[in-house]
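The values are calculated or read from the model by the stated rules, or taken from the named source; none is laboratory data. These numbers come from a predicted model, not from an experiment. Here the Cβ is made from the backbone with ideal geometry for all residues, glycine too, and neighbour counts use every protein chain on show. Just the protein is used for accessible areas: all its heavy atoms, side chains included, with ligands, DNA and RNA removed. Shrake-Rupley method; radii C 1.70, N 1.55, O 1.52, S 1.80 Å.
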Amino acid sequence: MSKAAFTVRAFGYYLIVLGITLVAAPNLLLTVFLMPPTHEVWIHVVGVLVFNIGVYYIYAAKSEATAFFRASVFTRVLVLVSFAVFVFVGLAPPMLIGFGAVDFIGGLWTWRALERAG
């Protein structure tokens, strides 16, 4: 397994754990990150989507899908930018940027692995 694939697989496992948490105990996670609890179904829906994306990441890593790795760098950077805009315009609490930062750091890790591989 290449180093880039390893970074994508690791991020995939993070997404799977995050997705399961959002489905099973979203308010526990929200409380830990100082965000208000919710009883809306949407947080669970997001959890299912996050879980599914995690599965895609793991399978892409397994198949050494370099084009996917490169696309994931762009989209993970976009997550941080989008979340920062949501906070800036008052749609979300500042802690949301922390979730975006995890995506951003993961994207940089993958980008660096891709660059080192040539």
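I'd like the full set of residues that are open to solvent by 60 Å² or more (accessible area, probe 1.4 Å) and either part of a loop (DSSP other than H, G, I, E, B) or not hydrophobic (A, V, I, L, M, F, W, C) (or both), limited to region 91-106. Residues satisfying the conditions are 91, 94, 95. Taking the conditions (1) open to solvent by 60 Å² or more (accessible area, probe 1.4 Å); (2) not in a helix (DSSP H, G or I) in turn, residue 67 satisfies each one other than (2).
Within region 107-118, take every residue that is farther than 12 Å from residue 10 by Cα and part of a helix (DSSP H, G or I) and give me the one that is most open to solvent (accessible area, probe 1.4 Å).
This residue is 116.
Per this entry, residue 54 is counted among residues that are in contact (Cβ under 8 Å) with a residue 40 or more places away in the chain and among the small types (Gly, Ala, Ser). How many of the residues making up region 6-47 are crowded, with 16+ Cβ neighbours inside 10 Å, more than 18 Å from residue 103 (Cβ to Cβ) and of a type in the set (A, V, I, L, M, F, W, C)? The total comes to 1.
Could you check region 1-54 and list, in sequence order, the residues that are among the hydroxyl-bearing types (Ser, Thr, Tyr) and part of a loop (DSSP other than H, G, I, E, B)? Across region 1-54, the qualifying residues are 2, 38. Does residue 85 count as part of a helix (DSSP H, G or I), surrounded by 13 or more Cβ atoms within 10 Å (Cβ to Cβ) and not acidic (Asp, Glu)? Considered against the rule, which asks whether it is part of a helix (DSSP H, G or I), surrounded by 13 or more Cβ atoms within 10 Å (Cβ to Cβ) and not acidic (Asp, Glu), residue 85 comes out as no.
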